[in-house]
Amino acid sequence: MADAGVGRRLSRRSLLKIGALAGGGLALGIHLPVRAELDPEPRSADAKTAPEAPVELAPNAWVRIHGDGRIELVLARSEMGQGVMTALPMLLAEELEVGLDQVQLVIAPVARVYANRLLGVQATGESTSVRDAWTPLREAGAAARALMIAAAASVWEALPSDCQARRGRVHHSDGVRSLSYGELVATASGLAPPDRVALKSPAAWTLIGTSQQRLDTPEKVSGGAHFGLDIRLPGLLFATLYRCPVPGSRVLSWRAAETLKVAGVVDVLAVRNGIGVVAESTWAALQGRARLDVSCRPTVNANLDSQRIRSRLRIGLKGRSAVARKSGDVSLALAAAAHEIEAVYEVGFQPHACMEPMNCTADVQPDRCALYVPTQAQEGARAIASAITGLAPGRISVHTSLLGGGDGRRLEQDFVVDALELSLRVHRPVQVVWTREDDFRHDFFRPMTLHRLRGGLDAEGRVTAWFHRVVGPSVLARLRPDSIRDGIDPFMVEGAADIAYEIPDLRIEYRRADTPAAVGLWRGGGYAHTSFAAECFLDELAAAAGQDPLMMRRHLLAGSPRHLRLLDRIGERAGWGAAATQGLGRGLALVAAFESLIAMVAEVALEGGRVRVHRVFCVVDCGRVVNPDLVRGQIQGGVAYGLTAALKGEISFTDGQVDQLDFEQYPLLRFGEMPEVVIDILPSDADPGGVSGLGVPPIAPAVANAVFALTGERVRSLPIRLAS
Amino acid sequence: MISLTLNGEPRALDLDPEMPLLWVLRDHLGLMGTKYGCGKAECGACIVHLDGEPVNACMTPLSQVEGRSVTTIEGLSSDGRHPLQLAWIIEQVPQCGYCQPGQIMMAAALLNKHPRPTDAQIEEAMSRVLCRCGTYERIRRAVHRAASPEVQNG
Ligand code: FES
Ligand code: FES
């Protein structure tokens, strides 16, 4: 292939043909040649030996223009449904002056230049992708465009100001002459890239702000989209692991005689996380695992159970704790308040339950290693591969497939470890497949948390004091220990510590209470648990003060015009001023997260003793909108994700084990349960905020507040279980 | 040897008759469009057509398809332009996309039976397929669109 060494190319018509490429043995294990100064890390062996295509131009790490007219844009974030495969190329294409129909996508290798500045590593998560890319990607596109214009100007001996770029061509103002980018590559190669570029003014945007169709849709409806489980390599083996079900427990002894009798089973091996069964097909591996005879070492974690965890958290509601934010003196203010109320809220464990279970394919060879993996954390995957294989990072390539959901689960490396260890041992490429049971049992859950809230009202019904203590295990202590300062896990208190309401005396605390249950990041971040408690408690205060919940929020946000605009719009949209339809309850919630704002009103009814959400109004201010339809999709998706956690199941533990291991025990929101979601996106000149997690935090409190409006019954725990 | 018709082609397979069709398709025949989500007929990611009826390939042993006709997402149309696939694009349904082959195959079976399905018929059929990304509203619109020739390409 002429462009071997260039990276996997993705045309609009054949996105992510990883399997096909792999099967044909083409263009694998290659790194994108970025400019040397941008890539301080050693190149892979392949990249070193790959012949450079003669006529191509890489003005920066994001854009490649070929003499034959092909234009490649690099995607360095993981597509897990949130639309980065469309939104990020739009930023580049806007400034490069090319249409999305003219570009091919290349999935980035691991390289410093592709790090996410908001996360500090090459990773995708926490609704950061567009925020991180907003300026650098537009600048990269603009720099390449400026170079094309400079090249055309030099060919024509014209002034750059007489040249204009449009759809991959530079046009002279004479209206006659024009050259395509491909035709300009040779000339441009001799020119220095500009040091400074001017970005287009918003008025000149043709892509940003428009609902361009997703680039990944055609493959996703044809069945040709390749997820991690769809990777096929020559000689590939399939594997499944037996892991001890109790956290922290290890295999004591095992016998595989019956397993080895299963046709297609190739080998059975003990690895770090358990016993791996390697076979010629997934089915044989699963059959083999079912016939393993394993006993696990007993551990104290066999005591783990939900009641015990709850009691442990309860202890933390009182006594010492770390202070995340404080102003004035809450104790004094509460003592002086005309009216004080207090409540405890509880949020249960939640799994990620990505539709594509965890998996990874590794091909470990003596001098190199390739990972094919649906991951949110490429840099971490490479580091773990280096540690396990002993190979230098430059000899490890990470090929990111499409992700069948991520939601924070795929920031972890546990499934990568399995594949690496097994491939290392069997000297063949191995795909480790987690069953749905494995995926539930060995998840890193959104932790159970308790929230103690106290609020004070003065004689006029104004909120004068606000106290919120979050009690729960630390999530970041394992993932980012450096981020824990003075006993505060920022993830656990986000949404509480940065609460926008102006209350004179305020105190936000965090009491760490670790449990043996594995916990991790989840869609919507810490906001998903803190907002439930805070937004419901605010409604309790409003009720105690005899005020309308929307008006109370307006008073507490008098100095925040962005919030007020949102509240006013949601009030109009949901007809808040008028009485609710008979039999329906309405509830409001307002959340500021990921540098975006969202207000929601949920309309709920009781049907057969269960909460049924009919309609959800959403007003979103996420700054400048790159692609409105993607934003809508993310809000709809966030509502569905949040409703599953609010209305359906939760994860519980008995005798050290997860109780819910399938979709019957942990039901997801179904088609018929999806409410109508009405979304207004407000225009804004602010830089873009995140949206993929944004729809999750407000839905639970909006529904809980609606249930109160309908029944008079306060909902103080998730998932919602009605007493009456 | 098990004989069947797969996406219109006669096939004879020398595989464990107990092996679920899902793994036959994915691991032995290179048809990875049919997805694994649960293996217990709970999620619908693996839906294919067996003589035109929607079945969960994860719970359908190969022996059960002897002499019958199986259609997978790859065989739904020759060019990826089945009315449902076009409607799915116009309505921009997929997010992560993992559940979508199952959704589309379920919807195709529905339209075979009810060319102009009511909302209730759509709901009954489509509640068999889970979507963690919450694309349900768009699925409803896309099914209606595909079922209405007058708006199909709008
Ligand atoms: S994989 Fe067959 S229904 Fe879930
Ligand atoms: S689109 Fe992701 S599970 Fe349905």
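Computed from the coordinates by the stated procedures, all read-outs in this text should not be read as laboratory data. Bear in mind the structure is a predicted one, so any value in this text is a computation, not a measurement. Cβ atoms come from the backbone with ideal geometry, glycine included; neighbour counts cover every protein chain shown.
Farthest toward the positive end of the dipole of the protein assembly as shown, out of A:Ile208, A:Pro374, A:Pro218, is the Cα of A:Pro374, where the dipole comes from beta carbon charges about the Cα centre. Simple point charges give the picture: +1 on the Cβ of Lys and Arg, -1 on the Cβ of Asp and Glu, and for chain A a dipole about the Cα centre of about 1000 debye.
Counting other Cβ atoms within 10 Å as a rough exposure proxy, the listed residues A:Thr299, B:Thr71 run A:Thr299, B:Thr71 from fewest neighbours to most. Other residues within the sphere of radius under 12 Å centred on the Cβ of A:Cys163, judged by their own Cβ, net out at 0 (K and R +1, D and E -1). Our coupling estimate for segment A:573-578, obtained by passing each phi through the Karplus curve with A = 6.51, B = -1.76, C = 1.60 and θ = phi - 60°, is 4, 8, x, 4, x, 8 Hz, Gly and Pro reported as x.
Rounded to the nearest 5, what is the percent of antiparallel bridges among the DSSP beta bridges in the protein assembly as shown? So the antiparallel bridges in the protein assembly as shown amount to around 75 percent.
Per residue of peptide B:24-37, the mean number of Cβ atoms on other chains within 10 Å of the residue Cβ is 5. Residue exposure proxy: B:Lys35, A:Lys318, ordered by other Cβ atoms within 10 angstrom of their Cβ from fewest to most, comes out as A:Lys318, B:Lys35. Oblate is the label for segment B:83-152. Its Cα gyration tensor axes, ordered a ≥ b ≥ c, give a/c of at least 1.5 and b/c at or above a/b. Based on DSSP H segments of at least four residues, each scored -39500 (n - 2.57), chain A has a per-residue ellipticity at 222 nm of -9000 deg cm²/dmol. When peptides A:233-246, A:186-199 are sorted by average Cβ neighbour count within 10 Å, with the highest value leading, the order is A:233-246, A:186-199. Placing unit charges on the Cβ atoms only, positive for Lys and Arg and negative for Asp and Glu, gives segment B:2-74 a dipole magnitude near 180 debye about its Cα centre. When the trypsin sites (Lys or Arg not before Pro) in segment B:75-152 are filtered for DSSP coil states and for at most 16 other beta-carbon atoms within 10 Å of their beta-carbon, the remaining sites are B:Arg81. Measure out, as a whole number of angstrom, how far apart the alpha-carbon centroids of segment B:44-117 and segment A:525-557 sit. Computed from Cα coordinates, the inter-centre distance equals 45 Å. Filter the cross-link list A:Lys648/B:Lys35; A:Lys200/A:Lys220; A:Lys220/B:Lys40 down to pairs whose alpha-carbon distance in this structure exceeds 29 Å. Distance filter (> 29 Å) returns A:Lys200/A:Lys220. Here the peptides A:505-512, A:341-348 are ranked by packing, the mean other Cβ count within 10 Å, and the order with the highest first is A:505-512, A:341-348. Select from A:Leu91, B:Asn7, A:Asn273 the residue farthest towards the positive end of the dipole of the protein assembly as shown; place +1 on Cβ of Lys and Arg, -1 on Cβ of Asp and Glu, and compute about the Cα centre. Sorting the options by dipole projection puts first A:Asn273. Take the alpha carbon gyration tensor of chain A, find the square roots of its eigenvalues, order them as a ≥ b ≥ c, and report rounded if a/c is under 1.5; if not, report prolate when a/b exceeds b/c, else oblate. Verdict is oblate for chain A.
Mind checking A:208-220 for the average number of partner chain beta-carbons within 10 Å of each residue's beta-carbon? Per-residue shielding by partner chains comes out at 4. Counting Cβ atoms of other protein chains within 10 Å of each residue's Cβ and taking the mean over peptide B:98-107 gives 4. Note on A:Val300, A:Val625, A:Val130: ascending count of other Cβ atoms within 10 Å places them as A:Val300, A:Val625, A:Val130, the fewest first. Using just its DSSP H runs of length 4 or more, each adding -39500 (n - 2.57), chain B gives a mean residue ellipticity at 222 nm of -8000 deg cm²/dmol after division by all residues. Computed from backbone phi with θ = phi - 60° and the Karplus coefficients 6.51, -1.76 and 1.60, the 3J(HN,Hα) list for segment B:101-116 is x, x, 4, 5, 5, 5, 5, 5, 5, 4, 5, 4, 8, 10, x, 10 Hz; x is used for glycine and proline. Projecting the Cα atoms of A:Pro490, A:Leu334, A:Ala61 onto the charge dipole of the protein assembly as shown (Cβ charges, centred on the Cα centre) puts A:Leu334 farthest toward the positive pole. For segment A:538-603, the dipole from Cβ point charges (+1 on Lys and Arg, -1 on Asp and Glu) about the Cα centre works out to 200 debye, to the nearest 20.
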